[in-house]
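Trainee: First, the structure itself, so that you have it in front of you.
The values are calculated or read from the model by the stated rules, or taken from the named source; none is laboratory data. Nothing here was measured: the structure is a model prediction, and the numbers come from that model. Don't worry about glycine lacking a Cβ; one is built from the backbone with ideal geometry, like all the others, and counts go over all protein chains shown.
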Amino acid sequence: MTKQPKTPKSLTGLVRAATLGLAISIVGAGGLAAQSADEVIRSLEPSSAESANEGHSVRSVPLRSEGNEMTSVWVNYQYARDFAVHFASGQSELSVQARQQLISLGRALTSSRLQRYRYLIAGHTDAVGSPEYNRLLSLRRAEAVRTFLIREFDIDPRRLMVTGWGSEQLKDRRYPYAGVNRRVEIVLVTTRTEPPPPAVSRRDITPPRDLPCNPNKPDLDDYNRGCRETGTGNMAPGSSIIINR
């Protein structure tokens, strides 16, 4: 018999309201709570054990702590989903609206189809504030989501990891202060056994100083910063780089 997703301990009323027609705010999906949970499952469930660990979307990402200590873990971005979780400006406490927005995720993670897997919860902010402030804020928001899911849905804490990207991975770089950049991302943790490479932070990267600037690459912030400071330092035209993305 298929195990049914759990209802959160303290949110029975919210689930009932969602069932009656209250939309759950999920980036990339709409509809009612039960339907959204099904969509979340489809986004996060690997088609096979092999597909969970292989493919061009598998990469190593850092697990950051508040003390800025980092280890790494393998994740597969083929099985990932963004959630628009509401937080007050500069705050990491989950509002009632935020708890409501996480119902579908909790129900999906406790379904029989996802129970065997582990996931990384990654927090993101907009570009307001310093990089360090945003990194800590995004980490605390990810931890708040993890705590809520563990407490309300009885999820094994070992299944959920957290990290905070701050404003390093803006969803819309054209509008760095827009609310769409404030989000929580859920991504599958693979079962690859080889040790990930050492975690590298973008601020640890030294831009090359002997290459011409390339103003057509606005997404390469670290390199363009070198250009602004020295007149050189951007990547050569036509080249690209991926760093823990």
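Trainee: Looking only at region 141-163, how many residues end up being part of a helix (DSSP H, G or I), surrounded by 15 or more Cβ atoms within 10 Å (Cβ to Cβ) and without any contact (Cβ under 8 Å) to a residue 60 or more places away in the chain?
Mentor: Looking only at that region, the number is 9.
Trainee: Run down Ala80, Ala52 and say which single residue is modelled with pLDDT of 85 or more, assigned by TED's automatic domain parsing to the domain that holds Val187, surrounded by 15 or more Cβ atoms within 10 Å (Cβ to Cβ) and in a strand (DSSP E or B).
Mentor: Of Ala80, Ala52, the one residue that is modelled with pLDDT of 85 or more, assigned by TED's automatic domain parsing to the domain that holds Val187, surrounded by 15 or more Cβ atoms within 10 Å (Cβ to Cβ) and in a strand (DSSP E or B) is Ala80.
Trainee: Arg99 - would you say it is among the basic types (Lys, Arg), crowded, with 21+ Cβ neighbours inside 10 Å and farther than 25 Å from Gln78 by Cβ?
Mentor: no
Trainee: Six or more apart or on different chains, Cβ under 7 Å: which pairs go from a residue in region 125-138 that's assigned by TED's automatic domain parsing to the domain that holds Ser167 and crowded, with 21+ Cβ neighbours inside 10 Å to one that's of a type in the set (S, T, N, Q) and part of a loop (DSSP other than H, G, I, E, B)? Could you list them?
Mentor: The qualifying pairs are Thr125/Ser167; Asp126/Ser167; Asn134/Thr125; Asn134/Ser167; Leu137/Ser92; Leu137/Thr125; Ser138/Thr125.
Trainee: Suppose we keep only residues that are of a type in the set (Ser, Thr, Tyr) and surrounded by fewer than 17 Cβ atoms within 10 Å (Cβ to Cβ) within region 164-177. Which one would you say is nearest to Leu139 (Cα to Cα)?
Mentor: Tyr177
Trainee: Give me a count of the residues in region 83-95 that are outside any loop (DSSP other than H, G, I, E, B) and free of Cβ contacts under 8 Å to residues at least 60 places away in the same chain.
Mentor: Residues in region 83-95 being outside any loop (DSSP other than H, G, I, E, B) and free of Cβ contacts under 8 Å to residues at least 60 places away in the same chain: 0 in total.
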